[in-house]
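Notes for the one structure printed next.
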Amino acid sequence: MKLGMHTLTEGRGLLFGGDYNPEQWPEEVWVEDAGLMRAAGVNLVTVGVFSWSRLEPEPGKHDFGWLDRVMDLMAGNGIAVDLAIPTASPPPWLGHRWPETLPVDEAGHRLWYGSRNQYCPSSGVYRERSQSITTALAERYAAHPALAMWHVGNEYGEVCHCDESAAAFRTWLRARYGDLDRLNEAWGTTFWSQGYGDWAEIVPPRRAPYIINPTQRLDWWRFCSDELLSHFREQRDVLRAHTPGIPVTTNFMGLFKRCDYFSFAAEQDVVSNDWYPEPGNPKAPALTALTHDLMRGLGGGRPWLLMEQATNGVNWRPHNLPKPPGQFRLESLQAVARGADGLCYFQWRASRFGSERFHAAMVPHAGADTRLHAAVRAHGQELRKLAEVAGEPVPARVAMVFDWASWWALEDRGRPSDRLNATEQLLDYYVPFFERGVSVDVVPPSADLSAYALVVAPNLFLLGDRDAAAMTAYVRGGGVLVVGPFSGVVDPDAHVRTGRFPVPLREVLGGSGEEWLPASEERPVRCRWNGGAPDGAEAGAQAGAQAGAQAGAQAGAQAGAQVGAEFTAHTWTELLRAEGAEVVAEFTEGDLAGSPAVLRHATGEGIAWYVGTMPEPAALAALTERVLADARVSGALPELPPGVEAVRRGDVLFLLNHGTETARVPIPEAAVDLLTGSPAEGSVTLAPRAVAALRP
Ligand code: GLA
């Protein structure tokens, strides 16, 4: 049984705090820090993420005195500590004495210390030193009253191409394939004379003259993710052995390509994420919501922790826009609305030196007497008013399927177009749900789909037989499935499946294709909604009646999905034919004129959709209305002004205004805004960046 967020939130409510790096400051400042933290309602700090060289200045020689005092200070002030295992940034002595611990890039260059993250995940010495500092910390602090969670490493993601990594890769491959014949078959090594006759010949994908074997690359991605996970696991096991009641986490980075977070999440107690929405990016609110929904999906719906965010501008983009007043609060509350039980920041006090001197913090360089710190304090205090949402679920009837292996396989060199990207497709398909206030869980293909009324797979380039069969059974049993273009193309060995595509879904989709046709950038692809399927208005009205809302009908019609309406698509087309499915939309120009662009197949008890192009946003919104109608799913509210996000967590309806205009949001029932204590009836008015948390 995993230890969840409740072990942290019980008696504390929502968590509020940040990375605390006291080693950068004289001890007098620590005392001021503790007072300011208390005043701001801070109840959790992450300590020691980058402290390895302070904790172990020489191999095997520890200096824990300062950390003892920090832990005591926090305990004395009632602040819990998420104590880090500092393995993300080894001290210079490690690379100096054992250069083989330093990572090597694809071209064979060693990367040096002087920054952070300089380790080879497969290095035996690095692993040994990691275990040793983990054990020392676990022994020393297991019984400390401040200890509330372990934070292993930081933002896992290192990759190394050295000889030791090559040996580990071979071990991993032996476990996967057993013998070389099977490896040669999986890697398709009859192509370009790549046949391997000896395990020793196999190396990581290093810099090569031309395109590297795609299966070798796919296995390398798999291996690198597994290798980091095995490092995490080794440390976690030490920690669990010493402190079975203390949860263990490591912080994620949203849709981060190098680690399969579904496999990581399965091994940790609490899912935590670092998230830095880009100020000025109009897609940031939707991308952020998607990322939060992924965090929930990773934890199987359980509450998660926003481990790092920024109160203001970061320092690592080329031009770092600040956040207007109210922005970080809005972002923090967005995370609460989507299932976060903790809202933490990088970092507590802005550094005076080092590479992140110009990164925002909870206490800026100018000190506590600033508008920013005042806002931090006010936010920490107001989170107490939301204590009751801690632990509450965010129910969703829609799932979006995402798969790391498919992402790795898709985005490699040598494909029809590099403009079809897994995460962009995911976001494009997600936006209309976000805008309609429809909650979504992001799940792996192996998830139990039966809990959902609607399952959307924006791109599953790589699809295994079992997952395809599960999707088929889901539809036959009454589910509604939407599959995006260039899906079901390759098997888990990244071999193209032969036959009319998507081979493993052809039957359930009631249609198939024979050519992938990337579109010219010069002209949009023209399409038309057909009469073959119920139009958006009609379908929406049916669903509306069933779901007790008329919005589907309105939105369907407004979005232009009615029969005969034209729309454009871009980047990608396919030569398809219907084999039992209705042709919901067709291409209207060029060689493809009159051939299907979108198929809808009623089969068994359910309905399967296939989209063979990339519809413009309005057309994707119209399509979404239709599939929502098929699935009889409606949004959190019948009407949602543009820019307003609506999401239900437990009993509470969160409304967040990401737009630049004041919005009036009609609400169906009388409620109390937990943030202001005021009653609300009929509608709520939200200024830009305002949030309401309405409890009936
Ligand atoms: C990441 C890291 C932190 C810090 C921040 C800066 O999230 O985990 O150590 O570098 O970025 O934004």
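The values are calculated or read from the model by the stated rules, or taken from the named source; none is laboratory data. This structure is a prediction, so every number in the text was calculated from the model and none was measured. Glycine also receives a Cβ, built like all others from the backbone with ideal geometry; neighbour counts cover every protein chain displayed. Side chains are part of the model used for accessible areas, which takes the heavy atoms of the whole protein and leaves out ligands, DNA and RNA. Shrake-Rupley method; radii C 1.70, N 1.55, O 1.52, S 1.80 Å.
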Would you grab the residues whose amide H sits under 5 Å from the one on ALA585? Only those 5+ places off in sequence or on another chain, please, with H modelled 1.01 Å from N.
-> ASN530, ALA597, VAL598
Computed FRET value (nearest 0.05) for GLU278 with PHE191, which takes r as the C-beta separation and R₀ as 45 Å = 0.65
Please find the FRET efficiency linking ALA143 to HIS6, where r is the Cβ-Cβ separation and R0 is fixed at 25 Å, and quote it to the nearest 0.05.
-> 0.70
Taking only protein heavy atoms into account and a 1.4 Å probe, give the accessible area per residue of the chain in Å².
-> 38 Å²
Expected sort for 574-584, 316-326 on mean C-beta neighbours within 10 Å, highest first, is 574-584, 316-326
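Exceeding 30 Å between C-alpha atoms, which entries from my cross-link table qualify? They are LYS323/LYS385; LYS2/LYS283; LYS2/LYS323.
With Cα atoms farther than 30 Å apart: LYS2/LYS283; LYS2/LYS323.
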Computed FRET value (nearest 0.05) for ASP493 with ARG69, which takes r as the C-beta separation and R₀ as 35 Å | 0.05
Taking H as built 1.01 Å from N, whose amide H comes closer than 5 Å to the amide H of ALA340, not counting residues under 5 places away?
-> TRP304
For VAL431, what is the net charge nearby, where nearby means another residue's Cβ is under 12 Å from its Cβ and Lys, Arg count +1, Asp, Glu -1?
-> -3
Near the amide H of VAL684, under 5 Å away, which other amide H atoms are found, from residues 5 or more places off or on another chain, if H is placed in the peptide plane?
-> VAL665, ILE667
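How much of the accessible area of the chain, probe 1.4 Å, is carbon plus sulfur, in whole percent?
50 percent
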Cα-based equivalent ellipsoid of the chain: semi-axis lengths in Å, sorted from largest, via gyration tensor = 43, 35, 20
Based on the mean of other Cβ atoms within 10 Å per residue, sort peptides 461-471, 600-610 so the most packed one is first.
-> 600-610, 461-471
For region 353-395 and region 249-324, what is the separation of their C-alpha centers, rounded to whole Å?
-> 16 Å
If you average 1/r over every pair of different alpha-carbon atoms in region 301-353 and take one over that average, what Kirkwood value in Å do you get?
-> 12.3 Å
Once Lys and Arg get +1 and Asp and Glu get -1 on their Cβ, which of SER678, VAL598, ALA663 lies farthest toward the positive end of the dipole of region 585-683?
-> SER678
With the contact rule set at Cα under 8 Å and sequence spacing of 6 or more, what percent relative contact order holds for the chain?
-> 11 percent
Picking from LEU294, VAL398, ALA368, whose Cα lies most toward the positive end of the charge dipole for the chain (charges on Cβ: Lys, Arg +1; Asp, Glu -1)?
-> ALA368
Rg to Rh quotient for region 163-275, alpha carbon positions, Kirkwood Rh | 1.07
Given a cut-off of 15 Å, what percent of all Cα-Cα pairs of region 468-512 lie beyond it?
-> 41 percent
Simple label model, 7 Å out from Cα along Cβ direction - ALA618 to ALA469, nm = 4.5 nm
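Of the listed peptides 266-273, 666-673, 174-181, 371-378, what is their order by residue-averaged count of other C-beta atoms within 10 Å, with the highest listed first?
266-273, 371-378, 666-673, 174-181
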Select from PHE252, PRO26, PRO432 the residue farthest towards the positive end of the dipole of the chain; place +1 on Cβ of Lys and Arg, -1 on Cβ of Asp and Glu, and compute about the Cα centre.
-> PRO26
State to the nearest 20 debye the size of the charge dipole of the chain about its Cα centre, where the only charges are +1 on K and R beta carbons and -1 on D and E beta carbons.
-> 880 debye
